[in-house]
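Worksheet: one structure, shown below.
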Amino acid sequence: MDLGISGKRALVLASSKGLGRACAMSLAREGASVTISARTKGKLEATAEDIRKLTGAKVTTVVADITTEEGRKVTLAACPSPDILVNNAGGPPTGDFRDWDREDWIAAIDANMLSAIFMIKATVDGMISRNFGRIVNITSSAVKAPIEVLGLSNGARCGLTGFCAGLARKTVAHNVTLNAILPGPFDTDRLAATLEGSSIVSGKSLEDTTAERKAENPSGRFGDPAEFGELCAFICSAQAGYITGQNLLIDGGGYPGTL
Ligand code: NAP
């Protein structure tokens with residue numbers, strides 16, 4: 001299936017590894033030129049080279065912290081008018097809400113709510129004027145069902161989700177869609193860190209914690225980031241112009257609800 005995005009400009013944030021990298025890879029394979037970002041140059045350049053080799057796409061890199069105003073400025077200078085924007089940033093630490101002060105909450109809100117809102121603000125009107133735009137926020141299954149040790153994520157991401165629910169209905173008439181993809185457990189460095197946090201809280205070994213987490217998912221496994229990237233590419237496709245304001249779970253059936 002040709003997704004109809006060849007030649008489009010995609011800006012994929014926080015994408016030197018994990019889910020962001022997989023989104024950039026899938027979009028590049030569909031013929032989009034991609035700009036990828038992260039704070040660490042070495043890994044980012046290695047990923048850019050991998051994407052170029054595997055897809056032949058034009059890949060631009062930008063070293064920037066997307067949670068800061070300066071970082072967003074630098075990022076937008078590298079890709080001022082994206083047709084596709086994939087918002088992403090590192091997730092907050094695990095812990096107990098009794099230990100979090102205002103600074104911890106502000107850091108989570110900056111990373112997992114405000115950075116995406118400011119990137120949308122900077123790019124959505126250009127998309128509207130060109131009559132094409134696809135915005136995808138990488139959030140979390142925690143938006144549908146809270147994860148006990150990730151209270152910062154549960155809270156900050158719901159703020160982003162609420163804001164986008166309103167905006168998504170304002171842009172779709174201009175062929176600009178705004179959706180979120182909600183990952184369940186995907187096999188990335190972030191998941192490894194979360195599992196380590198859980199194992200410390202429970203006192204169980206990391207091996208047992210990992211095995212239990214796999215077993216409790218109906219699929220019996222963690223997701224492959226490539227599976228996530230493929231869904232992202234479809235949501236960014238020309239064919240997906242009638243999908244907006246949605247929160248699409250990709251979690252191996254982990255969410256137990258009927259709807
Ligand atoms: P990951 O494998 O740790 O990758 C995170 C990527 O983001 C890296 O490229 C990292 O590079 C970059 N990054 C982190 N903070 C950044 C910042 N402030 N500015 C720019 N780049 C930044 O994480 P992941 O598993 O792909 O997770 C992506 C998002 O999905 C996170 O918000 C995570 O909480 C969420 N999520 C993941 C899962 C899962 O199971 N994997 C489940 C639910 C939600 P640098 O460190 O070099 O900047």
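Annotation: amide H of Ile250 within the under-5 Å range of Leu182, Gly184, sequence separation 5 or more or interchain, hydrogens built in the peptide plane. Close amide H contacts of Ile135 (hydrogens built in the peptide plane, cut-off under 5 Å, sequence separation of 5 or more or a different chain): Leu85, Thr177, Leu178, Asn179. Once the convex hull of all Cα atoms in the chain is built, its volume per residue stands at 128 Å³. When the accessible area of the range 112-259 is split by element with a 1.4 Å probe, what percent falls to carbon and sulfur? Here carbon and sulfur together make up 57 percent of the probe-accessible area. Listed cross-link partners Lys144/Lys214; Lys43/Lys170; Lys41/Lys73; Lys73/Lys144; Lys8/Lys53 are compared with a 29 Å cut-off, the Cα-Cα value being larger for Lys43/Lys170; Lys73/Lys144.
Both the radius of gyration and Dmax for the range 41-108 are 15.9, 49 Å, in that order, over alpha-carbon atoms. Just to be sure I understand: with springs between alpha-carbon atoms less than 10 Å apart, which residue in Ser16, Ser202, Ser81 has the highest mean-square fluctuation in the Gaussian network model of the chain? Its mean-square fluctuation being the largest, the pick is Ser202. Over every Cα atom in the range 102-217, the radius of gyration and the widest Cα-Cα span, Dmax, amount to 17.1, 54 Å. Taking 4.7 Å between beta carbons as the limit, the unpaired Cys residues of the chain are Cys79, Cys158, Cys164, Cys236. With a 10 Å cut-off between alpha carbons and a GNM built on the chain, which of Thr209, Thr244, Thr61 moves the most? Comparing Thr209, Thr244, Thr61 in a Gaussian network model of the chain, the most mobile one is Thr209. Here the Karplus curve 6.51 cos²θ - 1.76 cosθ + 1.60, taken at θ = phi - 60°, turns the phi angles of the range 51-66 into couplings of 5, 4, 5, 7, 10, x, 6, 7, 10, 10, 10, 9, 8, 6, 8, 6 Hz, with x standing for Gly and Pro. The chymotrypsin sites (Phe, Trp or Tyr not before Pro) of the range 170-249 that meet both conditions, a loop assignment by DSSP and at most 11 other Cβ atoms within 10 Å of the site Cβ, are Tyr242.
Sorted largest first, the principal axis extents computed over the alpha-carbon atoms of the range 175-214 equal 50, 16, 15 Å. Springs join every pair of Cα atoms under 10 Å in this Gaussian network model of the chain, and among Ala38, Ala145, Ala48 the largest mean-square fluctuation is at Ala145. Per residue, the chain exposes an accessible area of 47 Å² to a 1.4 Å probe, with every protein chain left in place.
Quick one: helix 18-29 against the long Cα principal axis of the chain, what's the angle to the nearest 10°, folded into 0 to 90? Tilt of helix 18-29: around 30 degrees. A simple charge model with +1 on the Cβ of Lys and Arg, -1 on the Cβ of Asp and Glu and nothing else charged puts the dipole of the chain at about 920 debye relative to its Cα centre. Based on DSSP H segments of at least four residues, each scored -39500 (n - 2.57), the chain has a per-residue ellipticity at 222 nm of -14500 deg cm²/dmol.
The residue among Thr55, Leu27, Ser115 whose Cα reaches farthest toward the positive pole of the charge dipole of the range 1-130, with charges on the beta-carbon of Lys, Arg, Asp and Glu, is Thr55.
The values are calculated or read from the model by the stated rules, or taken from the named source; none is laboratory data. Quick caveat, the model's predicted, so the values are computed rather than measured. Cβ sites come from the backbone with ideal geometry, for glycine too, and all protein chains shown count toward neighbours. These accessible areas exclude ligands, DNA and RNA; they are computed on the full protein's heavy atoms, side chains included. Shrake-Rupley method; radii C 1.70, N 1.55, O 1.52, S 1.80 Å.
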